[in-house]
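Novice: Pasting a structure below so you can have a look.
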Amino acid sequence: MDEKENDAKPQKPVVEITSRKMIEIIKAILIVLLFVIEIVICADAYGKVQPHDYFYIALACCVVLLALEAVNTFVFKNFAAKMTFYALDSALILSICVLTGNSFMSTIYCIILTQCYLSVERFRDKTILFGVSCGIFVISFIAGCLISNPTMNEFDIITGALFGLGVIALDYIVAIFLLKFYRTNLELRLALKEADESRAQLKGVYEELTKTKVYEERNRIAREIHDTAGHSMTTVIMQTEAAKLIIDENPAEAKNRIISANVQARNALEQMRESVHLLAGRGQVRPLKEELEEVFAQTIDGTDVKVRYDLDISQPSQEVYRFIVNTVKELLANGIRHGNATAFYVELKESERFITLLVSDNGAGVKGEIKEGFGLKGIREKAATLNGRCCFTSEEGEGFEVKITFEKEHGND
């Protein structure tokens, strides 16, 4: 249960977590570096600062500065709070500068400012912080020189201030460049990671689509075989059954029925071969009207079934050609096998916009709701792919009728 809840929670990008950890490490290193510089400053000022009480004040300022900077770095995240602490840091640095005589003041400023650069996101805020810090540094440096070393000439003061400003400016440029480079690198890594994930997802979708297409193709082939073989084999069964019934009374007629069934079986084999060729992409070999007339001839040959038809249509596309032929075969076979039909009427018409196929029989019909089997369901689904619609109607003892209509532009080349 806990694992599922954890999976449901939004996960932060690994790159973002890595970036924060790296910045925290850099901040910790800067705190350690500040501690080292303060030790150097205190060691250098020990024995030089008079009266000696000033040294302890400077030492206390260093300890407080280190503590405030550690709290500011690892505890407070709010920008306003950080700036408040930075103001306190500036006051402490000014005190240390005045008490110890400016030793390593620019270095301390660089450490404090770098900490702030890491915490501030916007470039404008970093620049304002840099400008304000330069002004505070100049004031603290001059004040420290005048108080701790009154004999220092103006040239040395100006030179020292400019040198310190140069160090602070160099720290600003390097820090901004490195931060920009580091964050750009992280963004690129994140973009590459997202691209890899998207590629993996697209690969999965492609595989699913491929499986779907294979499934659809299998169903199409199954319908082709079902429609093609089903019709002819129904006729073969009817003829052999009739021959079996009359073989004792009328052997000659039974023989004719068996011969006819043999011909039908051969035709079924040939139709199977033609279906395979059509599935492989070979075009139809004769006009649709002739193909349908051959289907009707095979149906009535050697049987008592009658077929009337009215066919008035131009040659359609290969897809519609197969659909119409297979549909007629399926409906004739269904009518004979399930409805015991002995007569059919087939009408195929085209208007300015539509093609209409109508097949009706005089079979037993259906009592109650029509249940669609594999054949009828396949007809409806295929008609839908041609932007068509099917209507199945039947009543018990009144036969079965199928009407299919689809737009003409989907039916003609």
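Novice: Could you tell me which trypsin sites (Lys or Arg not before Pro) in the range 338-413 are loop residues by DSSP with no more than 15 other beta carbons within 10 angstrom of their beta carbon?
Specialist: Counting only loop positions with at most 15 other Cβ atoms within 10 Å, the trypsin sites (Lys or Arg not before Pro) in the range 338-413 are ARG353, LYS367, LYS371.
Novice: Kindly write out, for the range 123-140 in residue order, the coupling ³J(HN,Hα) from the Karplus curve 6.51 cos²θ - 1.76 cosθ + 1.60 (θ = phi - 60°), rounded to whole Hz, with x marking Gly and Pro.
Specialist: Once rounded to whole Hz, the list reads 4, 4, 5, 4, 5, 4, 4, 4, x, 4, 5, 4, x, 5, 4, 4, 4, 5.
Novice: Applying 1/(1 + (r/R0)^6) with R0 = 30 Å to the Cβ-Cβ distance of GLU294 and ASP248, what FRET efficiency is obtained, to the nearest 0.05?
Specialist: 0.35
Novice: What accessible area per residue, rounded to a whole number of Å², is obtained for the range 353-413 using a probe radius of 1.4 Å?
Specialist: Computed with neighbouring chains in place, this is 57 Å² per residue.
Novice: Calculate, for GLU207 and ALA70, the FRET efficiency according to 1/(1 + (r/R0)^6) with r their C-beta to C-beta distance and R0 56 Å; round to the nearest 0.05.
Specialist: 0.55
Novice: Multiplying the sequence separation of ALA87 and ALA343 by 0.36 nm and subtracting their Cα-Cα distance, what value in nm do you get?
Specialist: That pair, ALA87 and ALA343, stretches by 81.9 nm at full extension.
Novice: Could I ask something else about it? Short version: what are the Cα gyration tensor semi-axes of the range 108-212, square root of 5 times each eigenvalue, largest first, in whole Å?
Specialist: 54, 10, 8
Novice: Pick out, in residue order, every one of the GluC sites (Glu not before Pro) in the range 357-413 that is DSSP loop and has at most 10 other C-beta atoms within 10 Å; say none if there are none.
Specialist: GLU369, GLU396
Novice: Once fully extended, how much extra length lies between ARG286 and LYS306, figured as 0.36 nm per residue of separation less the alpha-carbon to alpha-carbon distance?
Specialist: 4.8 nm
Novice: At R0 = 35 Å, how high is the FRET efficiency between VAL63 and ASN185 if r is their beta carbon distance? Nearest 0.05 is fine.
Specialist: 0.40
Novice: With θ set to phi - 60°, apply the Karplus curve 6.51 cos²θ - 1.76 cosθ + 1.60 along the range 320-337 and write out the HN-Hα couplings as whole Hz, x wherever there is a Gly or Pro.
Specialist: 6, 4, 5, 5, 5, 4, 5, 5, 4, 4, 4, 6, 5, 5, 4, x, 6, 6
Novice: Among LYS203/LYS408; LYS203/LYS371; LYS289/LYS377; LYS213/LYS306; LYS255/LYS349, which pairs are too far apart, with a Cα-Cα distance over 31 Å?
Specialist: Table pairs above 31 Å Cα-Cα are LYS203/LYS408; LYS203/LYS371; LYS213/LYS306; LYS255/LYS349.
Novice: Moving on to the next point. What number results when the radius of gyration of the range 327-413, computed over Cα atoms, is divided by 2.2 N^0.38 Å?
Specialist: Dividing the Cα radius of gyration by 2.2 N^0.38 Å gives 1.09.
The values are calculated or read from the model by the stated rules, or taken from the named source; none is laboratory data. If you're wondering where the values come from, they're calculated on a predicted model, not measured in any experiment. Please note: Cβ atoms are built from the backbone with ideal geometry, for glycine as well, and neighbour counts cover all protein chains shown. Please note that ligands, DNA and RNA were not included when accessible areas were found on the heavy atoms of the full protein model with its side chains. Shrake-Rupley method; radii C 1.70, N 1.55, O 1.52, S 1.80 Å.
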